[in-house]
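The values are calculated or read from the model by the stated rules, or taken from the named source; none is laboratory data. Bear in mind the structure is a predicted one, so any value in this text is a computation, not a measurement. Using ideal geometry, Cβ is built from the backbone for each residue, glycine included, and neighbour counts are taken over all protein chains shown. Side chains included, ligands, DNA and RNA excluded: accessible areas come from the protein's heavy atoms. Shrake-Rupley method; radii C 1.70, N 1.55, O 1.52, S 1.80 Å.
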Amino acid sequence: MTHSILIVDDDPEIRQVVRIGLTQAGHTVEEAGDGAEGLAKAQSGRFDLVVLDIGLPRMDGLEVCRTLRQTRTTPILFLTARNDEIDRVLGFELGGDDYVVKPFSPRELSARVKAILKRSGAVDSVTEVPKGVQRGCLTLDADRHLCAVAGVPVALTAREMALLAHLMAHPDHVSARPALTDAMYGVNIHVSDRTVDSHLRNLRAKLSAAGCADAIETVHGVGVRMGPCSE
């Protein structure tokens, strides 16, 4: 299946490498050379995924992500030279779905893109009403990447959707971090506890803001499970 991907990077050589790798994988690609241009294109809704550098002129990638997340759930893959854990955590807290550090392998990048698109279903919608599983006021349709609280759509990233889908599939079981990591990233993938906590914190905040503050309960020393999801 062909997907439309936006590459936002101020380095034309990096854009060329990414473009070649993604087009060889069968995707259609469009480019932007700075943050403001990238945001304008991403907000058009034409893209299934955005490959986004952090160190951009006019508007940095973190601000682009923060602004885009106000209206769209388009998956975002950060591509950057920054490798500090605090930068990765901040990127995830703002709504990023994955993080690849320069220099990178084009094959790894294509594999990460494929995994994100598979998780997200390449759907970018905050207006459709989900018709999937329900718990209290919370409804989840993971296949269509749709979530709602009391019928009001909630925009989630691909990671947040995968996390919530796992918890909803095991509503009365306590899930420890390894199980949450596997649900979001797949097996045999190592990510820090801070990264998992960041996704969990974002998910809780979004559901709480939508009126479902008790959606996820913490069982101290063990893990988390679904709460009653009362309004």
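List of remarks:
- Pairs, first at positive phi in the stretch 102-128, second at pLDDT below 85 and open to solvent by less than 40 Å² (accessible area, probe 1.4 Å), C-beta under 7 Å, six or more apart: Gly121/His145
- Only one of Ala209, Ala213, Ala176, Ala148 that is farther than 21 Å from Asp97 by Cα, among the aliphatic types (A, V, I, L, M) and more than 16 Å from the chain's Cα centre (by Cα): Ala213
- Just so you know, in the stretch 122-149 the residues that are in a loop (DSSP other than H, G, I, E, B) and at pLDDT 90 or above include one that is surrounded by the fewest Cβ atoms within 10 Å (Cβ to Cβ), and it is Gly136.
- The conditions of being without any contact (Cβ under 8 Å) to a residue 60 or more places away in the chain and over 26 Å from Ala162 (Cβ atoms) are met by Gln16.
- Test: residue in the stretch 209-220 that is open to solvent by less than 10 Å² (accessible area, probe 1.4 Å), among the small types (Gly, Ala, Ser) and modelled with pLDDT of 90 or more: yes
- Looking only at the stretch 175-204, and only at residues there that are modelled with pLDDT under 85 and of a type in the set (S, T, N, Q), the one that is nearest to Leu156 (Cα to Cα): Thr195
- Looking only at the stretch 59-74, residues that are closer than 18 Å to Met161 by Cα and β-branched (Val, Ile, Thr) come to 3 in all.
- Per this entry, Phe78 is counted among residues that are under 21 Å from Lys114 (Cα atoms), among the aromatic types (Phe, Trp, Tyr) and outside any loop (DSSP other than H, G, I, E, B).
- Pairs, first free of Cβ contacts under 8 Å to residues at least 24 places away in the same chain and over 13 Å from His170 (Cα atoms) in the stretch 207-231, second open to solvent by less than 80 Å² (accessible area, probe 1.4 Å) and of a type in the set (A, V, I, L, M), C-beta under 6 Å, six or more apart: Thr218/Val224
- Residues within the stretch 150-171 that are among the hydrophobic types (A, V, I, L, M, F, W, C), buried (at least 21 other Cβ atoms within 10 Å of the Cβ) and part of a helix (DSSP H, G or I), tallied: 7
- Neighbours by Cβ (under 7 Å, 6+ apart or cross-chain): first from the stretch 192-203, open to solvent by 10 Å² or more (accessible area, probe 1.4 Å); second modelled with pLDDT of 85 or more and outside any helix (DSSP H, G or I): Leu200/Val224
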